[in-house]
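Asker: Next up is a structure, given as structure tokens.
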Amino acid sequence: MPLTSFQQPTEPEGFLKKELFITKEAIRERVVALASRISADYQGKEPVMVGVLNGVVIFFADLVREISIPVKMDFIRAASYGSRMDSCGSVTFTKDVELSIEGQDLILVEDIVDTGLTLARILEKLGERAPRSIRTCALIDKQERRSVSISIDYCGFTVEEGFIVGYGLDCREAYRQLPDIYILR
Ligand code: 5GP
């Protein structure tokens, strides 16, 4: 059956209203800028980019394709939110990195850093495996509820508050496929 024009999914019943927050053009501009900084900073090296599943997949795929040096890729999955919009404070790992990272330059790539607990736990866990260096990259640094001090070396956007969806980010598994970023009101 031929495909007709693409239709945006409608708002699932009972969901908050979504408001356009960051356009796909603005996202693209930042992704290209971050990739160019990473390519320059890691000239002559082959860093291991570790994406934090699931929300990072679209950002990660766009970012690595703009990086001009060789990189290795792996993923880790940390669950801290379940299906709620509030952090429950504890982080559990449901998928580990499979590459050997000892002596490697790691770049941890997150979709969004909120309290910072997830990134802090991942840094602690991967740090035990003696990588040569670890840096962090996040599409969005949301500072409203930061509870641990985390340095984000490569940051796409800084946001003060709000719950964000689209471009990989979900609310109860909806909205991940949207090319732009929205805020739920
Ligand atoms: P943290 O441990 O920093 O509090 O939370 C990190 C994780 O919480 C992110 O990887 C993401 O899955 C989820 N999260 C935090 N804030 C938001 C948000 O505004 N929107 C969505 N969709 N997820 C969020």
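Asker: So how do 75, 59 rank on accessible area, 1.4 Å probe, biggest first, that is with the largest at the start? Mind showing how you got there, number by number?
Answerer: Values: 75 60, 59 0 Å².
The ranking, largest first, comes out as 75, 59.
Asker: Please calculate the 1.4 Å probe accessible area of residue 90, with all protein chains present, and give it to the nearest 10 Å².
Answerer: 70
Asker: Further question on the same structure: Which order do 24, 125 take when ranked by solvent-accessible area (1.4 Å probe, heavy atoms of all protein chains), largest first?
Answerer: Values: 24 100, 125 45 Å².
Heavy-atom accessible area, descending, gives 24, 125.
Asker: What list of ³J(HN,Hα) values in whole Hz, one per residue of the stretch 59-68 in order, does the Karplus curve 6.51 cos²θ - 1.76 cosθ + 1.60 (θ = phi - 60°) give from phi, with Gly and Pro shown as x?
Answerer: 4, 4, 5, 5, 5, 5, 6, 9, 7, 9
Asker: How do 23, 92 stack up against each other in accessible area, from largest to smallest, with a 1.4 angstrom probe? Write down the numbers at each step before the final one.
Answerer: Working: 23 50, 92 75 Å².
Descending accessible area places them as 92, 23.
Asker: Could you give the dipole magnitude of the stretch 27-175 about its Cα centre, charging the beta-carbon of Lys and Arg +1 and that of Asp and Glu -1, in debye to the nearest 20?
Answerer: Values: 18 positive and 23 negative charges, 25 e Å.
I would put it at about 120 debye.
Asker: Could you pull out the longest piece of the chain with no exposed loop GluC sites (Glu not before Pro) in it, calling a site exposed if DSSP puts it outside H, G, I, E, B and it has at most 15 other Cβ atoms within 10 Å? Before the final figure, lay out each step's value.
Answerer: Values: sites that count: 13, 98, 102, 128, 144, 160, 161, 173.
Result for the longest clean stretch: 14-97.
Asker: Taking amide H atoms as placed 1.01 Å from N in the peptide plane, list the residues 5 or more away in sequence, or in a different chain, whose amide H sits under 5 Å from that of residue 134.
Answerer: Residues meeting the criterion, in which the H sits 1.01 Å from N, are 106.
Asker: To the nearest 10 degrees, how steep is helix 24-41 against the longest Cα principal axis of the chain, on a 0 to 90 scale?
Answerer: 0
Asker: Sticking with this one: Grab the alpha carbons of the stretch 85-178, take their convex hull, and tell me the volume per residue in Å³. Don't jump to the answer; show the numbers that get you there.
Answerer: On the way: hull volume 10.7 nm³, N = 94.
Considering the Cα atoms of the stretch 85-178, their hull volume per residue is 114 Å³.
Asker: Next up: With all protein chains present, calculate the accessible area of residue 134 using a 1.4 Å probe and round the result to the nearest 10 Å².
Answerer: Rounded to the nearest 10, the figure is 50 Å².
Asker: Under a 10 Å cutoff between Cα atoms, tell me which one of 30, 121, 129 has the largest fluctuation in the Gaussian network model of the chain.
Answerer: Of 30, 121, 129, the Gaussian network model singles out 129 as fluctuating most.
Asker: Sticking with this one: How much solvent-accessible surface does residue 155 expose, in Å² to the nearest 10, with a 1.4 Å probe and all protein chains in place?
Answerer: For residue 155, solvent-accessible area is about 30 Å².
Asker: Just to confirm my numbers, what's the Cα centroid distance between the stretch 111-179 and the stretch 18-55 in Å?
Answerer: Using only Cα atoms, the two centres lie 12 Å from each other.
Asker: With θ set to phi - 60° and the Karplus curve 6.51 cos²θ - 1.76 cosθ + 1.60, what are the ³J(HN,Hα) couplings of the stretch 138-148 in order, to the nearest whole Hz, using x for Gly and Pro?
Answerer: Once rounded to whole Hz, the list reads 9, 5, 10, 10, 9, 8, 3, 10, 4, 10, 10.
Asker: Just to confirm the number: angle between the C-alpha axis of helix 117-127 and the first principal axis of the chain, 0 to 90 degrees, nearest 10?
Answerer: It is inclined by approximately 30 degrees.
The values are calculated or read from the model by the stated rules, or taken from the named source; none is laboratory data. Computed from a predicted model, the values in this text were never measured in an experiment. Please note: Cβ atoms are built from the backbone with ideal geometry, for glycine as well, and neighbour counts cover all protein chains shown. Just the protein is used for accessible areas: all its heavy atoms, side chains included, with ligands, DNA and RNA removed. Shrake-Rupley method; radii C 1.70, N 1.55, O 1.52, S 1.80 Å.
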